[in-house]
Amino acid sequence: MPKKVLSIFIDESGDFGPYDFHSPNYYVAMVLHDQSIDISENIKRLDEHLERLGYPQHAIHTGPIIRKESFYQNDLMETRKSLFNSLFHFIRGLDIHYICPKINKAECLDDETAYAEKLFKVIADELKKHYDFFSSFDLIINYYDYGQSQLTKILNSVFTKLFSNVEMRKVQPADYKLFQVADLICTMELTNDKAERNAFSKSELEFFHSARDFKKNLYKYLAKKKL
């Protein structure tokens with residue numbers, strides 16, 4: 001009987017630097033994919049659509065799309081929305097789930113150790129809440145780009161403490177669509193928290209029109225994928 005394998009694609013939003021009221025939270029998005037579920041056709045359709053948009057073999061970065069930065073600084077709003085919608089509708093068509101533990105840095109002592117301890121606890125609590133789901137797999141493979149060494153250590157520590165069947169693999173975002181999904185989820189969870197506080201930036205208002213439109217037309221559909 002083949003092994004039952006869970007892939008977890010992990011991305012973060014935030015840092016371990018001093019507290020900033022403009023960006024109070026630290027997010028860790030984890031996209032959960034049962035490897036027995038084939039998503040190759042979904043990926044093929046997304047790749048074909050991106051090629052038609054003039055972005056072949058492109059790793060979508062959601063935050064810069066919204067803010068008109070980096071690769072997208074010269075793109076029209078129509079193009080940026082098409083790229084965003086491509087990945088968003090890709091997610092809606094997938095049989096995946098996600099979790100997104102987060103901490104509010106204002107609730108910690110303002111130092112890296114306090115952030116790390118709090119983050120370890122909230123990740124562990126979220127995994128324990130769904131322990132039966134995670135423990136139903138013979139192997140758990142975590143995919144992360146090792147972008148932050150502190151988070152890499154926390155992930156290694158918390159997963160090996162709770163499970164005996166875990167591997168960590170370093171990835172390049174361009175190589176995995178589900179890593180790009182984790183990036184989008186981080187941005188969407190952050191944006192939803194800003195919507196709750198009525199704290200949209202100018203670029204977010206231009207892209208989403210209003211907090212109400214964001215929640216009604218986008219976030220409520222993404223939230224259905226939460227484990």
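For K225, the aspartates and glutamates whose Cα falls under 13 Å of its own Cα, not counting residues fewer than eight places away in the same chain, are D95, E189. Shown in residue order for the stretch 4-10 are the 3J(HN,Hα) couplings computed by the Karplus curve 6.51 cos²θ - 1.76 cosθ + 1.60 at θ = phi - 60°: 8, 10, 10, 9, 10, 9, 10 Hz (x for Gly and Pro). The figure for M168 is an accessible area of roughly 40 square angstrom, using a 1.4 Å probe on the protein chains alone.
Full extension of the chain between K224 and N74 gives 50.7 nm of extra length, using 0.36 nm per residue less the Cα-Cα distance.
Restricted to Cα atoms, the chain shows a radius of gyration and a Dmax of 17.6, 54 angstrom. Taking each DSSP H run with n ≥ 4 as -39500 (n - 2.57) and averaging over every residue of the chain yields -14000 deg cm²/dmol at 222 nm. In the stretch 5-90, inverting the average of 1/r over every pair of distinct C-alpha atoms gives 15.2 Å as the Kirkwood radius.
When peptides 115-121, 70-76 are sorted by average Cβ neighbour count within 10 Å, with the highest value leading, the order is 115-121, 70-76. Calculated FRET efficiency, N85 to K3, Cβ-Cβ distance, R0 = 41 Å: about 0.70 to the nearest 0.05. Relative contact order of the stretch 65-215: 21 percent, from C-alpha pairs under 8 Å at least 6 residues apart in sequence. Checking the Cα-Cα distances for K44/K170; K118/K220; K118/K161 against a 18 Å cut-off, the pairs over it are K44/K170; K118/K220. For the stretch 25-78 and the stretch 85-119, what is the separation of their C-alpha centers, rounded to whole Å? About 18 Å separates the Cα centre of the stretch 25-78 from the one of the stretch 85-119.
Using a probe of 1.4 angstrom and keeping all protein chains present, the accessible surface of the stretch 12-83 works out to 56 square angstrom per residue. Highest mean packing first, where packing is the average number of other Cβ atoms within 10 Å per residue, the peptides 34-46, 3-15 line up as 3-15, 34-46. Since only I99, T113, T152 are under comparison, the one whose Cα sits farthest along the positive direction of the charge dipole of the chain, derived from C-beta charges on Lys, Arg, Asp and Glu, is I99.
At 1.4 Å probe size, with the rest of the protein present, what percent of the exposed accessible area of the chain is carbon and sulfur atoms? Answer for the chain is 48 percent, counting heavy atoms of protein chains only.
Each residue of the stretch 126-141 was assigned a 3J(HN,Hα) from its phi angle through the Karplus expression (A = 6.51, B = -1.76, C = 1.60, θ = phi - 60°), giving 5, 5, 5, 4, 10, 4, 4, 4, 5, 6, 6, 9, 6, 8, 10, 10 Hz with x at Gly and Pro. Apply the a/c threshold of 1.5 to the C-alpha gyration tensor of the stretch 60-140 and tell me whether it is rounded, prolate or oblate. In terms of gyration-tensor shape, oblate.
The values are calculated or read from the model by the stated rules, or taken from the named source; none is laboratory data. Since we're looking at a predicted model, the values are computed, not measured. All Cβ positions, glycine included, derive from the backbone under ideal geometry; neighbour counts span all protein chains shown. SASA here: full protein model, heavy atoms, side chains in, ligands and nucleic acids out. Shrake-Rupley method; radii C 1.70, N 1.55, O 1.52, S 1.80 Å.
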